[in-house]
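The values are calculated or read from the model by the stated rules, or taken from the named source; none is laboratory data. None of the values given here were measured: they were computed from a predicted structure. Cβ placement follows ideal geometry from the backbone for every residue including glycine, while neighbour counts extend to all protein chains displayed. Side chains are part of the model used for accessible areas, which takes the heavy atoms of the whole protein and leaves out ligands, DNA and RNA. Shrake-Rupley method; radii C 1.70, N 1.55, O 1.52, S 1.80 Å.
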Number of protein chains: 2
Amino acid sequence: MLPTLDFFYEFASTYSYIAAMRIARLAETAGVTVRWRPFLLGPIFKAQGWDTSPFNLYPAKGRYMVRDCERQCAELGLTFRLPQPFPQNSLLAARVACVGLEQGWGEEFSRAVYRAQFAEGRNIGEATVIGEIVGSLRHDGSAALARAQADDIKLTLRAATEDAQRHGIFGAPSFIAGSELFWGNDRLEQALGFAKRLTG
Amino acid sequence: MLPTLDFFYEFASTYSYIAAMRIARLAETAGVTVRWRPFLLGPIFKAQGWDTSPFNLYPAKGRYMVRDCERQCAELGLTFRLPQPFPQNSLLAARVACVGLEQGWGEEFSRAVYRAQFAEGRNIGEATVIGEIVGSLRHDGSAALARAQADDIKLTLRAATEDAQRHGIFGAPSFIAGSELFWGNDRLEQALGFAKRLTG
């Protein structure tokens with residue numbers, strides 16, 4: 001059994017986008033299984049007194065983040081544009097990702113949502129956009145949107161967010177290897193290295 | 001003439017410590033001249049409504065920072081301990097660094113201050129500690145402490161902090177290559193790469 005790394009990602013998060021586009025190949029090379037765990041940063045930000053992204057609350061940081069993501073993405077051959085509005089409402093995308101993960105298309109869906117938002121400038125807060133993304137993966141968009149409203153799916157997402165808080169997560173992306181927390185796309189390689197040393 | 005990278009560092013900043021211990025060798029390899037620019041984060045934090053370090057304001061982030069620095073330092077063979085109190089009062093150290101930089105011992109002094117604070121657990125807010133550090137470098141501690149109170153030295157430090165704000169700097173360490181801002185020890189290599197492409 002391969003060692004496991006928990007990948008906590010928020011669909012509205014720019015650096016989660018970059019990590020999501022990189023993690024599969026890096027994990028394969030490292031011999032680590034990734035557990036994709038969509039969660040919501042909103043409740044965590046709210047608990048520390050923020051009602052929006054820190055990139056909006058602190059404009060200098062926000063301007064820097066855009067330029068930093070442009071440079072990071074350019075080096076990786078990824079397109080980057082800040083979507084409007086920012087941050088986007090990620091609740092529906094996260095619930096549909098939970099549906100996809102139980103049905104085997106969650107990873108592919110997650111990457112497609114990130115591409116739609118940060119490369120194509122689409123609004124992932126809209127149900128039609130999410131339905132179209134599911135459809136583009138040759139799954140039933142309407143069925144996925146309906147299933148996303150089921151109580152157990154809502155609970156799965158809520159549990160992931162509570163789990164994130166219990167692990168001390170305060171931003172995204174975050175990675176958990178055993179009892180070690182790693183924050184940020186910049187720590188992906190180090191997190192995989194720690195996971196690799198764990199027994200599977 | 002070699003291309004230049006401006007290195008903005010704050011003595012109370014844990015990640016500035018790591019960058020300060022790495023930058024000389026990496027810059028030499030890259031063929032880049034580093035301009036060491038001590039500045040104060042306090043006025044910049046105050047302008048965004050913070051009266052202390054964000055690592056104190058947001059405890060989950062603060063706990064993570066300590067563990068992250070332990071891991072980063074372990075990989076680099078550096079000792080790390082969070083000093084008490086944290087953050088330390090860095091005003092005097094920054095002024096003496098300005099003195100040292102005009103007299104040719106500023107870089108060595110800066111590294112020694114970081115080592116004293118983050119490896120040896122000394123309080124760099126105390127004048128006796130700063131004086132001893134200058135003395136350990138075979139310079140006159142009392143003369144440096146006296147010179148640090150001169151108006152032009154105070155102005156040099158204030159100008160560096162204002163310059164940082166003009167560049168959009170919101171944290172430390174930060175690097176400026178031409179018109180590009182890079183934030184964080186994690187961006188040191190990329191900043192040197194950008195600086196290298198500038199004409200000297």
note = By the DSSP-based rule, helices of chain B that are at least 20 Å long along the axis (C-alpha) and have a mean Kyte score of at least 0.0 are B:14-30
query = What is the extension gain from A:Asn56 to A:Glu108, computed as 0.36 nm multiplied by their sequence separation minus the C-alpha to C-alpha distance, in nm to one decimal?
reply = 15.8 nm
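Counting only protein heavy atoms, what percent of the accessible surface of the protein assembly as shown is carbon or sulfur at a 1.4 Å probe?
Values: 8920 of 17740 Å².
Carbon and sulfur: 50 percent of the exposed surface of the protein assembly as shown.
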inquiry  = Whole angstrom only: what separates the Cα centroid of the range A:79-126 from the Cα centroid of the range B:52-99?
reply    = 36
query = At the nearest 100 Å², what buried accessible area, both sides summed, do you get for B and A when the probe is 1.4 Å?
reply = 2200
task = Over the alpha-carbon set of the protein assembly as shown, divide Rg by the Kirkwood Rh and report the Rg/Rh ratio to two decimals.
result = 1.02
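Enter the accessible area per residue of the range A:132-177 (Å², integer; probe 1.4 Å; all protein chains in place). Numbers along the way, then the final one.
Numbers: 2260 Å² over 46 residues.
Heavy-atom SASA per residue in the range A:132-177 reads 49 Å².
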task = Give the cross-link partners of A:Lys61 among the lysines, using a straight C-alpha distance below 24 Å as the criterion and excluding same-chain residues fewer than 8 apart.
result = A:Lys46, B:Lys46, B:Lys61
remark   = Contact-by-burial set, the range B:55-79, min loss 50 Å², accessible area of protein heavy atoms with 1.4 Å probe, reference chain alone, gives B:Tyr58, B:Lys61, B:Tyr64, B:Arg71
remark   = With label points set 7 Å from each Cα along the Cα-to-Cβ direction at B:Glu162 and B:Met1, the distance between them in nm comes to 2.4
key: Exercise: per-residue mean of other protein chain Cβ atoms within 10 Å, A:167-180   = 2
query = Nearest 20 debye, what's the magnitude of the dipole of the range B:73-200 about its Cα centre given +1 on Lys and Arg Cβ and -1 on Asp and Glu Cβ?
reply = 80
ask   = With each pseudo-label sitting 7 Å past Cα toward Cβ, what's the B:Ser136-B:Arg22 distance in nm, one decimal?
value = 2.3
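Is the range A:60-200 best put as rounded, prolate or oblate by its Cα gyration tensor, with a ≥ b ≥ c the root eigenvalues, rounded for a/c under 1.5, and otherwise prolate when a/b is larger than b/c, oblate when not? Don't skip to the answer; put the middle values down first.
On the way: a/c = 1.72, a/b = 1.13, b/c = 1.53.
Oblate shape, in that a/c is at least 1.5 and b/c is the bigger or equal ratio.
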